[in-house]
1. Using a Förster radius of 30 Å, what is the FRET efficiency between B:Asp124 and B:Arg209 based on their Cβ-Cβ separation? Nearest 0.05, please.
2. Compare A:Tyr61, A:Tyr380, A:Tyr395 by solvent-accessible area with a 1.4 Å probe and give them largest first, with all protein chains kept in place.
3. Under unit Cβ charges (Lys, Arg +1; Asp, Glu -1), what dipole magnitude, rounded to 20 debye, does the protein assembly as shown have relative to its Cα centre?
4. Report the accessible area of B:Met135, computed with a 1.4 Å probe over the heavy atoms of all protein chains in place, in Å² rounded to the nearest 10.
5. Which value in nm describes the separation of the simple spin-label points at B:Asp74 and B:Glu231, placed 7 Å from the Cα toward the beta carbon?
6. In nanometres, what is the gap between the two model label sites at B:Lys303 and A:Ala374, each 7 Å from Cα along Cα-to-Cβ?
7. When only Cα pairs under 8 Å and 6 or more residues apart are kept, what is the percent relative contact order across chain B?
8. Which whole number gives the average, over all residues in B:379-385, of C-beta atoms from other chains lying within 10 Å of the residue C-beta?
There are 2 protein chains.
Amino acid sequence: MKKILGTSLLFLGLTAFGQTKEDSVQFAKISTEILNNGKAYTELRDLTKNIGHRLSGSEAYEKSVQWAAQKLRDAGADRVWLQDVMVPVWVRGKESLQIRTANGKWKSLKMLSLGNSEGTGGKDVSGEILMVRSMQEYDKLTPEQVKDKIVFFNYPFSQSFVETFKGYSDASKYRTTAASLTAKKGGKFAIIRSLSSAFDDVPHTGAMRYGDDKKIPAVAIGSTTADALAELLQNGKVTAKLNSSCGMKGEKRSHSVIGEITGKKDSQVILVGGHLDSWDVGEGAHDDGAGIVQSIEVLRTFKKLAIPNNHTIRVVCFANEENGVKGGIQYGKTAKENNEKHLFAIETDAGGFSPRGVSLEMDDARRKQIQGWAKLFLPYGVYDFTGTFSGTDLYPLHDMGVPTAELVPDSQRYFDIHHTEEDTFEKVNRRELLMGAGTLTQMVYIIDNNW
Amino acid sequence: MKKILGTSLLFLGLTAFGQTKEDSVQFAKISTEILNNGKAYTELRDLTKNIGHRLSGSEAYEKSVQWAAQKLRDAGADRVWLQDVMVPVWVRGKESLQIRTANGKWKSLKMLSLGNSEGTGGKDVSGEILMVRSMQEYDKLTPEQVKDKIVFFNYPFSQSFVETFKGYSDASKYRTTAASLTAKKGGKFAIIRSLSSAFDDVPHTGAMRYGDDKKIPAVAIGSTTADALAELLQNGKVTAKLNSSCGMKGEKRSHSVIGEITGKKDSQVILVGGHLDSWDVGEGAHDDGAGIVQSIEVLRTFKKLAIPNNHTIRVVCFANEENGVKGGIQYGKTAKENNEKHLFAIETDAGGFSPRGVSLEMDDARRKQIQGWAKLFLPYGVYDFTGTFSGTDLYPLHDMGVPTAELVPDSQRYFDIHHTEEDTFEKVNRRELLMGAGTLTQMVYIIDNNW
């Protein structure tokens, strides 16, 4: 069933129903194969322990490009290639943040500069800390109040949302805009409370953006450090001193990695992917090593089980999702230039946790058709098809009219470790990771057979 | 609505529907309160780090009895008491397992005696290892073949089941019966491959049982040790030597801990509980410290939010679930003697992971009524009400006709660490644990308002 638009929903329902038995057998084969013989976990160990974190523009990233190409060949791809893409080169360099109370000595705080942030050129920059608890509070401050100050945005990650992505989304403007807002009113640099669901001393990095204002630094501190600093500020003035040689160092030619198995019936593409780059701390295990090895697992499973794929199944390991999305943008551009038809694209970039659903960003007819297959997924703990977003790297495709989607794993643990030193292989559970790979493979299978 | 049996299902459906709005507001309040102010996680840290593992009959267990009573008082219980119960006293003592190939030296294996197993009286017991891969294979062996041998039951935990409890259930007979089966055919002791979903070197203990045969020892080894031993056995004979002073040391008076808030309308009991005892390794964090602190959280939340409870809400911290279920049996017996009416009882003993459902062991009418409330739970990731089992400690109540249930958390990680040194506080995620406490509180609330 190639053409779905305009087909009545009743017909869609019947089709889905009619295929249930055969499909449920194939779903079970896929799950059993992956849970027993899946390679995602051992490959993730290899990626995280032998290459480690891999920020765009780094040597480690380029190693991971060769690694991914080889893994795609090993998995049985008919064709593997690198897609050129220019990426920004941001370098952390040395960084330190110290504080001092009126009568105290300088004390170092555990911190991370935010990604893309400029530094202090290796010089000390200091000033009095001014704490705000929210944007609204900051908006009320005059430039006179902020001038030469260090603004500390102590906005807590909301614990109230069941899905932690909502808490992340709620707090993320503090990370992206703290520096430019501080610069606008003449502040020297910004400190933010990390976007963290945990109550620990782990700072979280992540992308920030500059506007037209002066490019001043922005750094993050962990939750407990933020609480301790807030307490100090209640008792008197606190001075902060930052020394950082972080900064953007131009651009560099890099690559996304692509592998595919050719469609038996046509060359229309079903895409499954994640991003190969990570932040420059930890090991980029959940974010998004997990998505990379899960995507490769999809291809491997099709080959291993000899599932005849009607359409081309393509794995894309996107470059530079974290600080530029240049890989995703280049991919969309190239697809357009080459007039490639994409039937469906799904990304996995929310951690290698137990899957709970698939979020669907597409027209109602296709969306309802996929929701009609929900009962096939239910035995695998996948029940939630209500989300309406899709992977960051897929927006260029989405804008070209391609139905896009994202795997929705359990979100409770993700923002404890996201963009931190703690995002390591040890935080990934083998079965959870494989279950996610199973859901992706099942989704690709059912789309391949119905679109 | 007190009397549900005999009421038409249509009426049940309408009732559930009519209450959805008010109930969904209360569900949200419960979730928000627990995610923001829940104490389960910090209390679990206290229990695991300051008391640690707490096998029935041990001093640590008795400390945990005082701890639980105090926590129930702190949570706002109107009444807290200890229920006397005689429990078996099993002591691990010293234990070592060594192997030697024909030309080799003795080599120690990481191992744990199974719980309730007798030892070797502190003497070396050795013999040739005979490996079987399954019960069927063992059944074919003659007593002559087994006599004086060490039988190694190398049955792997099945990875194919999506719910790991099914893999556990499938393999558990090897743990419970390996010793008695080996004794029946004249073997000296039994070694089992651990009931583990992980591929690591962590041995898992857990209860075994003796029949009428000679009480010979049974020990467990981790997955990778089992694989290595199997490989050695392919290349020739291997001798094993066990020295163990494990054994059962009679009985002891101990206690379950009970706390309750009195019903505003009547004294019928809604029970929520877990088991306070653990195995004598690790910290008993997921099994079942998590269930204890979650159950106490239910009571705390009712008090904190001043939810008027129609019926008595009772938290039971059962003694001796792991190696005798004496706490559960005594509780049922006492309830019968005192002619106490239990409306509903739910246990949480499957780990402090993200909740996915509630398993219901009760008549169809009540079951369908609860399933009719499913949409209230869905925003909290709780969608599965298809299970038909309930907590081990609740079977005596179930046998008396009480509708019983169990919280169903995500099962992917549980059997990696179950009954091992790895079942520590660090393996528990704060939000996952609190989400489970939320589900329990919501379930108690909705039952309290409808039964």
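1. Values: r = 25 Å, r/R0 = 0.85.
Efficiency, rounded to the nearest 0.05: 0.75.
2. Working: A:Tyr61 0, A:Tyr380 30, A:Tyr395 75 Å².
In descending accessible area the options line up as A:Tyr395, A:Tyr380, A:Tyr61.
3. Values: 114 positive and 112 negative charges, 87 e Å.
For this selection, approximately 420 debye.
4. 20
5. Using points 7 Å along Cα→Cβ, the separation is 4.9 nm.
6. Spacing of the two 7 Å Cα→Cβ label points: 4.0 nm.
7. With pairs under 8 Å counted, the relative contact order is 23 percent.
8. That average works out to 3.
The values are calculated or read from the model by the stated rules, or taken from the named source; none is laboratory data. Because the structure is a prediction, the values reported are computed rather than measured. Every residue, glycine among them, receives a Cβ derived from its backbone with ideal geometry; neighbour counts consider all protein chains shown. When the accessible area is computed, the model is the full protein with side chains, heavy atoms only, and any ligands, DNA or RNA have been set aside. Shrake-Rupley method; radii C 1.70, N 1.55, O 1.52, S 1.80 Å.
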